[in-house]
1. For region 72-192, which semi-axes, largest first and in whole Å, follow from the square roots of 5 times the eigenvalues of its Cα gyration tensor?
2. Using a 1.4 Å probe over the heavy atoms of the protein chains, calculate the carbon and sulfur portion of the accessible area of region 1-143 as a whole percent.
3. Over region 251-311, what per residue volume does the convex hull of the Cα atoms give, in whole Å³?
4. Measuring from centroid to centroid over Cα atoms, what is the spacing of region 23-79 and region 211-225 in Å?
5. Work out, step by step, the length gained on full extension between Q334 and K164: first 0.36 nm times the residue separation, then minus their alpha carbon distance; give nm to one decimal.
6. Could you work out what % of the accessible surface of region 191-332 is carbon and sulfur, using a 1.4 angstrom probe and leaving DNA, RNA and ligands out of the count?
7. Indicate the helices, whole DSSP H runs only, in the chain that combine a mean Kyte-Doolittle hydropathy of -1.0 or more with a Cα extent along their long axis of 18 angstrom or more.
8. Please say if region 59-129 is rounded, prolate or oblate, where rounded means a/c under 1.5 for a ≥ b ≥ c the square roots of the C-alpha gyration tensor eigenvalues, and otherwise the choice is prolate for a/b larger than b/c and oblate otherwise?
Amino acid sequence: MSQTLPINKAPHFAYSQYQAAVAAGSTLRARELAKELNITEGDLVACRQDIDAWRLRAPFHLLLAELKNVGDVMTITRNDQAVHETTGIYHSFQFDEERKTGLVLSKDIDLRLFIGQWHCAFYLLENGRHSLQFFNQHGVAVHKVYRTEASNHDEWQRLVEAFKDTNPELPTFIQARPQTTPTELPEGFDQAAFAADWARLNDVHEYHGMLKKHGLSRTQALAQIGSHWATSLTSDSLAHALTQAEAKNAEIMVFVGNAGAIQIYSGGVHKLLIQGPWFNVLDPKFNLHLRVDQIAEAWVIERPSRDGLITSIEAFNANGDSIVTLFGKRKPGQPELPLWREIVSAVKESHSLKSSHFIEKRPHAQQSKQRQETSNAL
């Protein structure tokens, strides 16, 4: 890979830092390398404009709508504690102009895209891997799409050339404000009214509107609603739930998101692996990488709905941000799977903060080199 700037191009402020890291043989993944260099991941990519990165022009929904022609791709959506990878066809893309949101509902790729939060995008060719990477105004990578061996490479290249910015400017990113976890309940908070609204929920999609109505963060709400609806768990409960889903061949839904995208997998999990602090699912069309050591809170959450009780297991980081959410696989209009309720009941019994603390280490000890190398894309 060439590390020489094109003639007449002034170097980006981060380029010398990036060059030094490459020369030193850094093997850190992009997000971790950016943190070590004290720059954003967006700057880490932007500093290589016309070398192995090329800025793509907006509007991004037009680009996403064309991805169906590429065929098989791998998508990555992540936050600091969880990485969600799915492989499939990026089709059935829908765009809401008013809300600036996108929706992908293919067999293997299920996305909610908050495109109004996207600030810039790049085509990156790095170590032989081709990707489209989308960043928010803070330089955080909110969504990535990778070409695979099964992709239509000609269509991929046609798409890239069609959306390359012919007169690119280097993007500027705004430093994100330090996040703080609310410690005080909002003035005048009415716990009885909150509990009554919770009991009247008809759909899980009404949940966040209810929290906003009462001025509560997610974790504040769970602490206030009481054990009838929410049970606090040990931090290893998510790993145990995934292990039980594998053992019982249960179909589940796995949600991972950030401010710009939510990615969802629906199906079984089969190949599990613990590597240091990471708990991994390494299946052919779905990978999950979860930093269990950075789970600050975990909960079983029960919500009423028109379809009966809907139960989830959710993990949060120290700032109260969602890391990962697990549901039993279902569609609107369908009741919750009894097998999922069985798993949740077992997790509550063994991993409630009032009960004993343990983790059942059943994941497979070895996986193929190819699947482990996939995680290099994080």
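The values are calculated or read from the model by the stated rules, or taken from the named source; none is laboratory data. Treat the numbers as computed from the prediction; the structure is a model and nothing was measured. Heavy atoms of the whole protein, side chains included, go into the accessibility calculation; ligands, DNA and RNA do not. Shrake-Rupley method; radii C 1.70, N 1.55, O 1.52, S 1.80 Å.
1. Numbers: eigenvalues 205, 74, 44 Å².
Working from the Cα gyration tensor, I get semi-axes of 32, 19, 15 Å.
2. That share works out to 51 percent.
3. On the way: hull volume 7.9 nm³, N = 61.
Normalising the Cα hull of region 251-311 by residue number yields 130 Å³.
4. Computed from Cα coordinates, the inter-centre distance equals 35 Å.
5. That works out to 56.8 nm of additional length.
6. Its accessible area is 51 percent carbon and sulfur atoms.
7. Result, helices passing both filters: 338-351.
8. Working: a/c = 1.33, a/b = 1.20, b/c = 1.10.
Rounded, since a/c falls under 1.5.
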